[in-house]
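Reviewing the structure listed below.
The values are calculated or read from the model by the stated rules, or taken from the named source; none is laboratory data. Every value quoted in this text rests on a predicted model; they were computed, and no experiment measured them. Neighbour counts run over all protein chains shown; Cβ positions are idealised from the backbone, glycine included. Heads up: the accessible areas ignore ligands, DNA and RNA and are worked out on the full protein's heavy atoms, side chains in. Shrake-Rupley method; radii C 1.70, N 1.55, O 1.52, S 1.80 Å.
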Amino acid sequence: MITIRCSALLFDLDGVLVDSTPAVKRVWYQWSVQRGFDPDAVVHMAHGRPSRSTIRDLLPHSDIDHEDREVQRREIEDLDGVVPLPGAKELLNALPPERWTIATSCTRTLAEVRLRAAGLPIPGTMVTSSDVKMGKPDPEPYVKAAAKLGFAASDCVVLEDAAAGVRAGKAADARVIAFLTTMIRRELEEAGADWIVQDCSDITAVSDAAQGLRLNLEL
């Protein structure tokens, strides 16, 4: 058990608060097969990044806007198995609303659909791919998320499950807790995670109006 103090928590969405992995795999598997790509490689590439980035890498000369809309349409329609991950509800319930937000590579529409499907609150300060010019692993999403709460990213802790997100958090000068919900430990360590736990159930939070948050991690 270790204790961390911070001003706020900046959550990724998929793989941290919400288990959407089955839906994400189904959508990208179908998309990649229809376009002649190795579906397993595409699914791994797509996780934790804006869908536009994956599409641009694979089909640089395509109508990226059209392809992106098609992927988003499929993801919005496929909510089978979208549920909260262990400990997510309990951790969010322990946090004051001004001390946490979400920075996700989803569009705002998709993020809200998944949060509602999982029965989780939608923060008013959420940062999505619709709000940034550069997605993860660029630090912009986490820098903006921290600023919306009134803090520097260096005063916050990022919670991530993907290597691209861990790199984004570290590049924003935040400390990063990585989850073993999606990727193996080695990939998260190589990305620079400060601590690695299984999921939100390994974290307890206590709020102090004067000193911010105190987190206890079970490593």
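Some observations on this one:
- Antiparallel bridge percentage (DSSP; both residues within the chain; nearest 5): 45
- Pairwise Lys count, the chain - Cα closer than 15 Å, eight or more residues apart or different chains: 4
- Taken as Cα centroids, region 158-219 and region 72-114 sit 17 Å apart, rounded to the nearest whole angstrom.
- The residues of region 1-131 expose, per residue, 44 Å² of accessible area to a 1.4 Å probe.
- Whether region 106-153 is rounded, prolate or oblate, judged on the alpha carbon gyration tensor where a/c under 1.5 counts as rounded: oblate
- Percent accessible area from carbon and sulfur atoms, the chain, protein chains only, probe 1.4 Å: 50
- For the chain, relative contact order (Cα pairs under 8 Å, six or more residues apart, normalised by length) works out to 28 percent.
- Rounded, prolate or oblate (a/c below 1.5 giving rounded, otherwise prolate when a/b exceeds b/c) for region 71-127 by Cα gyration tensor: oblate
- Cα gyration tensor, region 81-219 - rounded (a/c under 1.5), prolate or oblate: rounded
- Nearest-0.05 FRET efficiency for GLU189 and ASP57, computed from C-beta distance (R0 22 Å): 0.35
- This model, with +1 at the C-beta of Lys and Arg and -1 at the C-beta of Asp and Glu, gives the chain a dipole about its Cα centre of some 320 debye.
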